[in-house]
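In what follows, a structure is listed as C-alpha cells, so that the remarks can point back to it.
Laboratory data are not the source of any read-out in this text; all were calculated from the coordinates shown. All values reported here derive from a predicted model rather than from experimental measurement. Backbone-built Cβ (ideal geometry, glycine too); neighbour counts: all protein chains shown.
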C-alpha cells in the first residue's frame, strides 16, 4: 500500500498571526523582526514579499526594498499558542504527526482516525478546520512520501494545495529541477548543472556508479529518489511516536 503523506505549511505564519492580532496591519507589508542595522527579518507577509522581502534578510535591506515596510517585534509565546491550536486539528485526523517547526508538519494519514481514503479531501478539511479555529490560512502538499509532499505544499501557495498521485510521481520527478531535490544544496546543484544535469530526467540517465563517484554517499540516494524511492531517515515517523517541538 502506498503511504499517504500530507505536509501542512502555514502561510507567512508569524506575520499572519501579527496581522490577525492587529487588524490595522491587514493588507499591509509586515516584517516580523528588526529593521535596525543588525536586525533580521524572521518572517514577511505576502504583501512584503511582493517587494522581494524574505526571511533571514538584513533589516535595512528589507526596508530599502519596501520603504513602507512595517516591522513588528516577534511574540514567540503567541506563535506557540497558535501552533498548539493547530496541533489539535492534526491530532483529530492522525496520531502520526511530525512537526518541522511551529508552522509546518508532516501527517501520515495512510491509516487515519476518520476512516477516509482520500488524503486530498482530508487536506482540504484540515486547512478548513485550521482556518475556522485560528483564522489563518494553510497550504498543503499530498503525496506518497515526505519529500514530494513538501515540494507539493509550496506549489499553490498561499492558501492552496497540490496532490502528486502515485501515477504522477515519475513524470513529476523527471520535470523537476535538480535544485529542488532534497539534499541538493547550492554547491551540489551547481556541480550538477556543470555536468549537464538540469532536471530529474537528466539525473535519471546517470548510473549509480557515476553518482556515487561524483557525489559520494548521496549518490545512491539521488539514484533512488528520482525513481520515486525515498528512503532518507526523515521518511520515518519516529516509530509512530507523537512529538511536537
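So if each residue of separation counts as 0.36 nm, and I subtract the Cα-Cα distance between residue 167 and residue 68, what length gain in nm does that give? Kindly include the intermediate steps, with their values, before the conclusion.
Numbers: separation 99, 0.36 × 99 = 35.64 nm, distance 4.65 nm.
That works out to 31.0 nm of additional length.
Using only Cα atoms and rounding to the nearest 10 degrees, what angle (0 to 90) does helix 76-93 make with the longest principal axis of the chain?
Tilt of helix 76-93: around 50 degrees.
Ranked by Cβ crowding within 10 angstrom, fewest neighbours first, how are 142, 164 ordered? Let's see the in-between values first.
Numbers: 142 27, 164 20.
Fewest-to-most Cβ neighbours within 10 Å comes out as 164, 142.
Restricting to Cα pairs below 8 Å that are 6+ residues apart, what does the relative contact order work out to for region 14-101? Please round to a whole percent. Can you show the working numbers first?
Working: 128 pairs, mean separation 22.0, N = 88.
Once normalised by length, the contact order is 25 percent.
Give me the extension gain from residue 111 to residue 132: residue separation times 0.36 nm, minus the current Cα-Cα distance, reported in nm with one decimal.
Details: separation 21, 0.36 × 21 = 7.56 nm, distance 2.46 nm.
Going from the current span to full extension adds 5.1 nm.
Fewest Cβ neighbours within 10 Å first, please rank 209, 18, 174 accordingly. Before the final figure, lay out each step's value.
Working: 209 10, 18 23, 174 14.
Ordered from fewest to most neighbouring Cβ atoms within 10 Å, 209, 18, 174 come out as 209, 174, 18.
What does the helix-only formula give at 222 nm for the chain: each DSSP H stretch with n ≥ 4 adding -39500 (n - 2.57), the total divided by the residues, and the result rounded to the nearest 500 deg cm²/dmol?
Value at 222 nm, helices only, nearest 500: -11500 deg cm²/dmol.
Okay, which of region 37-51 sit inside 14 Å, backbone N to the point 7 Å along the Cα-Cβ direction of residue 58?
Those under the cut-off are 37-41.
With each label point set 7 Å from Cα along the Cα-Cβ vector, what nm distance links residue 85 and residue 175?
3.8
What spacing in nm lies between the two simple spin-label points modelled at residue 198 and residue 213, each 7 Å away from Cα in the Cβ direction?
Each label point lies 7 Å from its Cα, and together they span 2.4 nm.
Hey, with R₀ at 51 Å, roughly what FRET efficiency would residue 220 and residue 20 work out to, going by the Cβ-Cβ distance, to 0.05?
Details: r = 45 Å, r/R0 = 0.89.
The formula returns an efficiency of 0.65 here.
Each label point is 7 Å from the Cα along the Cα-to-Cβ direction; what then is the distance between the points at residue 227 and residue 159, in nm?
Distance between the two pseudo-spin positions: 4.3 nm.
Normalised radius of gyration for the chain, please: alpha carbon Rg relative to 2.2 N^0.38 Å, two decimal places.
Values: Rg = 19.6 Å, N = 245, 2.2 N^0.38 = 17.8 Å.
Against the compact-globule rule of thumb, the ratio is 1.10.
Sorted from fewest to most neighbouring beta carbons within 10 Å, what does the list 83, 143, 55 look like?
Working: 83 22, 143 29, 55 17.
Least to most surrounded, the residues fall as 55, 83, 143.
Using the C-alpha atoms of region 14-72, what convex hull volume per residue, in cubic angstrom, is computed? Can you show the working numbers first?
Working: hull volume 3.5 nm³, N = 59.
In region 14-72, the Cα hull volume divided by residue count equals 59 Å³.
Based on the inverse mean of 1/r over its pairs of different Cα atoms, what is the Kirkwood hydrodynamic radius of region 169-225, in Å?
Numbers: mean 1/r = 0.0909 Å⁻¹.
Computed over region 169-225, the radius equals 11.0 Å.
Using Cα-Cα distances under 8 Å and only pairs 6 or more residues apart, what relative contact order does the chain have, in percent?
19
Specify the angular offset, from 0 to 90 degrees and rounded to the nearest 10, of the alpha carbon long axis of helix 119-134 from the longest principal axis of the alpha carbons in the chain.
In the chain, helix 119-134 runs at an angle near 20 degrees to the longest axis.
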